[in-house]
Protein chains: 2
Amino acid sequence: MEYKINLPQGEMPKSWYNLAADLASAPLPPLGPDGKPVRPEDLARVFPMNLIEQEVSTQRWIDIPPEVLEILARWRPSPLCRARGLELHLKTPARIYYKNEGLSPAGSHKPNTAVPQAWYNKQAGVQRLCTETGAGQWGSALSFACALLGLKCKVFMVRVSFDQKPFRKLMMQVWGGECVASPSLNTAVGRKVLAEHPDTPGSLGIAISEAVEEAVQDSSGRTRYALGSVLNHVMLHQTIIGLEAKKQLAIAGEAKVDTVIGCAGGGSNFAGLAFPFMADKIHGAQVDIVPVEPTSCPTLTRGRFAYDFGDVAGMTPLLPMHTLGHDFVSNPIHAGGLRYHGMAPLVSQAVREGLCRPKAVPQLKCFASAMLWAQTEGFIPAPETSHAIAAVIDEANRAREEGKEKVILFNFSGHGLMDLAGYDAYLSGKLQDYSMSEDELLRSLGKLEGFPEP
Amino acid sequence: MEYKINLPQGEMPKSWYNLAADLASAPLPPLGPDGKPVRPEDLARVFPMNLIEQEVSTQRWIDIPPEVLEILARWRPSPLCRARGLELHLKTPARIYYKNEGLSPAGSHKPNTAVPQAWYNKQAGVQRLCTETGAGQWGSALSFACALLGLKCKVFMVRVSFDQKPFRKLMMQVWGGECVASPSLNTAVGRKVLAEHPDTPGSLGIAISEAVEEAVQDSSGRTRYALGSVLNHVMLHQTIIGLEAKKQLAIAGEAKVDTVIGCAGGGSNFAGLAFPFMADKIHGAQVDIVPVEPTSCPTLTRGRFAYDFGDVAGMTPLLPMHTLGHDFVSNPIHAGGLRYHGMAPLVSQAVREGLCRPKAVPQLKCFASAMLWAQTEGFIPAPETSHAIAAVIDEANRAREEGKEKVILFNFSGHGLMDLAGYDAYLSGKLQDYSMSEDELLRSLGKLEGFPEP
């Protein structure tokens, strides 16, 4: 039995797949402060025009530049692996496959978009990128990409993570990235927040505002901003995962996949694996596609589809997406990448069009699933990834109960070697499950009152 | 150009290569306290007989059990990668290839022997393994292997590392391993040391003694000891690296390799890559084979070939090897895996027979090389691995100066994601180079007086 199906470099997908081309209704545009659709040129100080064109494109296939493929080839195609150890342990007739995105230099799927973003920026004459990072996955991936492409990189890292995860900051530094705690004294936004709340732990919303400010304020005009999830062009770049997986399943002799699973925070690793399979579903294939989120941040399962800000401070355009309200603050869970109040607009629309079936899982079940995975399969999963694993185990158990030979595919989005403090908390019994009450949910969604309706 | 040459699972080597079969003189035996060769049955309380048979075997090829191959196939064959980014940066005509052993679940080459050791022990009816670990690479690899094979695992981790590297301990715990700080109250040796030196930072020598004691004292007779380097059977298991590399170089169209490089502490990652190429050299191939060690622990470049203990306390048999004297204590360098006073007897004999050319590199140069590697290639190397990279850069620069198109192959033995504190110390200017004086060296070697001569 083949445990690891590699794809030759020459078989790497040459184009990304754009789900916007196949959705039943055209994607809704982001809106500006005036309630009118944002025009591409309005974003030109923030992003380079070549990425803005991808952001608004409805073309089905978009070519991957050969230079981008050359860099991705350092770790791609990622192997499609068979989780035979877990299958045997669960005594399931299901065949479980996973794309191992944890083998990239940064340890997650994030470099799949960091590299093309850095490359397109460089093509556009940009010399420096600014971004924010929460737990540090995205900041380290962008630092890595900038190192290889000779760009400068500055990362505003949420203060509490900056202090708690010094190793993530060090990864960025090894790749030549500059990492500062946010709020910082580098920006007007940061100075204002610090003056009012000197002891603030920071937030992703503040960090986004700082990164955007630093990018657009640079008088040389050679600095831009980069975002690691949510936006259409980010989903696009990640589809290389699912496109590779399809070729590898064919090599494995699997004519059909029954279930596709990915964890969902901003949506990019889920979309990357799932969108190419949604294309098949739109054309009649029977496939169950499951984005998995934490019960403590139930954007897709309990949130509302609405126009909302992408950040807490309301500096971004209004995006049409599932949201818990832009000032929703998730209870502390260890899957930092899944604590976002919103969701990628393309994923949100896919949910509305019935293309996928969201599911929420509590964190203790996720850590228990991660432990079982590590002890039967080997690789230690990121806490985010453990949400997908929990859902996979549910499906595999169901297959056993129903006596069905099904094929389950999921995205092993990253390893957990930088997240062992979370395992420590779990193993010492310090973690608990969280679920917001109906009252809290309604209060949080109340912030959307008066916003345009999609 | 192919950046990553994968080998299909079906092409995995089916046998390990045993250098002992091809050396000019038969390997010298280990000696007991009486100065007489140790007999296999003397070791039966420590190791299972099937591994003892491998330890003393001079058979050229030893079959890899299919069940072992099945587990290794979760991450093997490891890719052979082309370091094109580094080549371009150095403007070298050399073609640089590396085996990426950092992609295993434990992040290094160590699981290549941890898995077969756990498997052979299980075959022999052993239910529990004890071992020691310094920086934690070996302890985590053995915990991983034991988890997959359903054995219990207990790791005595040197106190100073136990305190400084809590994440390594957590890796072991996620894999179900029990990790205690050494010296501990669990053993007579540990209690004695603690009574005399309550604040001792511990040492690998003490930890070995504790692990051996716990293994042989277990009244059930179902516990054995496992060692992660130095011994012949460990070198044997690691040869899968070099055997794979040969097949992959052929796929890459390289008819000949000019230089083979690996860092050397106990010798196992170096031997794993290099031994199959030494076989060719013995049969006339021209290949330069370079084990690289730190100048602060110059076992091969300044040590003596002698009979010496494998541990500080003198509990092991006397081994014929290059050594700095069994109570040599290396100055603190961040490559914890390269601080061992001795060297694998097989590697030592290969040096004596002119099959390889040892080299020593100071640590600041190694970290500088690691930074250059990370920024041109991506993967962050372990501090141990950075020694190999420093030597690779020297060779690549020489090829440029000489205008020679040569093929360089090295072992990327592990990633550095658990060693970022070392990078922090380097980036903050806190590290320095060390080199022992002639006087210190002579004093250390003086401990060998009166020992049998090989």
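One line per residue, one yes/no per condition, for (1) among the small types (Gly, Ala, Ser); (2) open to solvent by 60 Å² or more (accessible area, probe 1.4 Å); (3) at pLDDT below 95:
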| residue | (1), (2), (3) |
| --- | --- |
| A:Thr385 | no, no, no |
| A:Arg398 | no, yes, no |
| A:Tyr434 | no, no, yes |
| A:Asp439 | no, yes, yes |
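A quick yes/no check of all residues on (1) within 14 Å of chain B (Cβ to nearest Cβ); (2) free of Cβ contacts under 8 Å to residues at least 24 places away in the same chain; (3) crowded, with 22+ Cβ neighbours inside 10 Å:
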residue: A:Pro105; (1), (2), (3): yes, no, yes
residue: A:Asn112; (1), (2), (3): yes, no, yes
residue: A:Ala124; (1), (2), (3): no, no, no
residue: A:Gly136; (1), (2), (3): yes, no, yes
residue: A:Ala145; (1), (2), (3): yes, no, yes
residue: A:Cys153; (1), (2), (3): yes, no, yes
residue: A:Asp163; (1), (2), (3): no, yes, no
residue: A:Met171; (1), (2), (3): yes, no, yes
residue: A:Glu178; (1), (2), (3): yes, no, no
Legend entry - Filtered residue count, region B:180-196, keeping only those that are small (Gly, Ala, Ser), in a helix (DSSP H, G or I) and surrounded by fewer than 23 Cβ atoms within 10 Å (Cβ to Cβ): 2
Inset, instruction - Filter region A:346-376 down to the residues that are polar (S, T, N, Q) and surrounded by fewer than 23 Cβ atoms within 10 Å (Cβ to Cβ), then identify the one that is farthest from A:Gly85 (Cα to Cα). - result: A:Gln375
Inset, instruction - List the number of the failed condition for A:Thr316; all other conditions in (1) hydroxyl-bearing (Ser, Thr, Tyr); (2) crowded, with 24+ Cβ neighbours inside 10 Å; (3) in contact with a Gly (Cβ under 7 Å, 6 or more places away or on another chain) hold. - result: (2)
Legend entry - Condition broken by B:Phe379, with the remaining ones in (1) open to solvent by 10 Å² or more (accessible area, probe 1.4 Å); (2) within 14 Å of chain A (Cβ to nearest Cβ); (3) in contact (Cβ under 8 Å) with a residue 24 or more places away in the chain; (4) not in a loop (DSSP other than H, G, I, E, B) satisfied: (4)
Inset, instruction - Answer yes or no as to whether A:His387 is away from every other protein chain (no Cβ under 13 Å) and within 24 Å of the chain's Cα centre (by Cα). - result: yes
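Here is a yes/no grid of residues against (1) of a type in the set (A, V, I, L, M, F, W, C); (2) within 18 Å of the chain's Cα centre (by Cα):
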| position | (1), (2) |
| --- | --- |
| A:Ser296 | no, yes |
| A:Leu300 | yes, yes |
| A:Arg304 | no, no |
| A:Asp311 | no, yes |
Inset, instruction - Please state which one of B:Ser413, B:Ser437 is hydroxyl-bearing (Ser, Thr, Tyr), away from chain A (no Cβ under 14 Å) and without any contact (Cβ under 8 Å) to a residue 60 or more places away in the chain. - result: B:Ser437
Inset, instruction - Please state which one of B:Glu353, B:Glu405 is of a type in the set (Asp, Glu), out of contact with any strand residue (DSSP E or B) (no Cβ under 9 Å at 6 or more places or on another chain) and either more than 14 Å from every other protein chain (Cβ to nearest Cβ) or more than 30 Å from B:Lys169 (Cα to Cα) (or both). - result: B:Glu353
Inset, instruction - Could you check how many residues of region A:83-96 are within 14 Å of chain B (Cβ to nearest Cβ), surrounded by fewer than 21 Cβ atoms within 10 Å (Cβ to Cβ) and within 19 Å of A:Val257 (Cα to Cα)? - result: 2
Inset, instruction - Scan region B:264-287 and give yes if some residue there is at pLDDT 95 or above, among the aliphatic types (A, V, I, L, M), in contact with an Asp or Glu (Cβ under 6 Å, 6 or more places away or on another chain) and crowded, with 23+ Cβ neighbours inside 10 Å, otherwise no. - result: yes
Inset, instruction - Kindly state which helices (runs of 4 or more DSSP H) lie completely within region A:197-260 and contain at least 1 residues that are surrounded by fewer than 23 Cβ atoms within 10 Å (Cβ to Cβ) and of a type in the set (A, V, I, L, M, F, W, C). - result: A:204-217, A:240-251
Legend entry - From the options A:Ala188, A:Ala195, A:Ala147, residue that is among the aliphatic types (A, V, I, L, M) and at pLDDT below 95: A:Ala188
Inset, instruction - Within region B:400-427, work out how many residues are surrounded by fewer than 23 Cβ atoms within 10 Å (Cβ to Cβ), more than 24 Å from B:Gln248 (Cα to Cα) and either of a type in the set (Val, Ile, Thr) or in contact with a Lys or Arg (Cβ under 7 Å, 6 or more places away or on another chain) (or both). - result: 1
Legend entry - Hits in region B:1-49 - residues which are open to solvent by 40 Å² or more (accessible area, probe 1.4 Å), more than 14 Å from chain A (Cβ to nearest Cβ), at pLDDT below 95 and not in a loop (DSSP other than H, G, I, E, B): B:Pro40, B:Glu41, B:Asp42
Inset, instruction - Among what's in region A:403-431 and is within 24 Å of the chain's Cα centre (by Cα) and among the polar types (S, T, N, Q), pick the residue that is nearest to A:Ser140 (Cα to Cα). - result: A:Ser413
Legend entry - Hits in region A:159-179 (condition: outside any helix (DSSP H, G or I) and in contact with a Gly (Cβ under 9 Å, 6 or more places away or on another chain)): A:Lys165, A:Trp175, A:Gly177, A:Cys179
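The values are calculated or read from the model by the stated rules, or taken from the named source; none is laboratory data. What you see is a predicted model, and the numbers here were worked out from it, not measured in a lab. We place every Cβ from the backbone using ideal geometry, glycine too, and count neighbours over all the protein chains shown. Heavy atoms of the whole protein, side chains included, go into the accessibility calculation; ligands, DNA and RNA do not. Shrake-Rupley method; radii C 1.70, N 1.55, O 1.52, S 1.80 Å.
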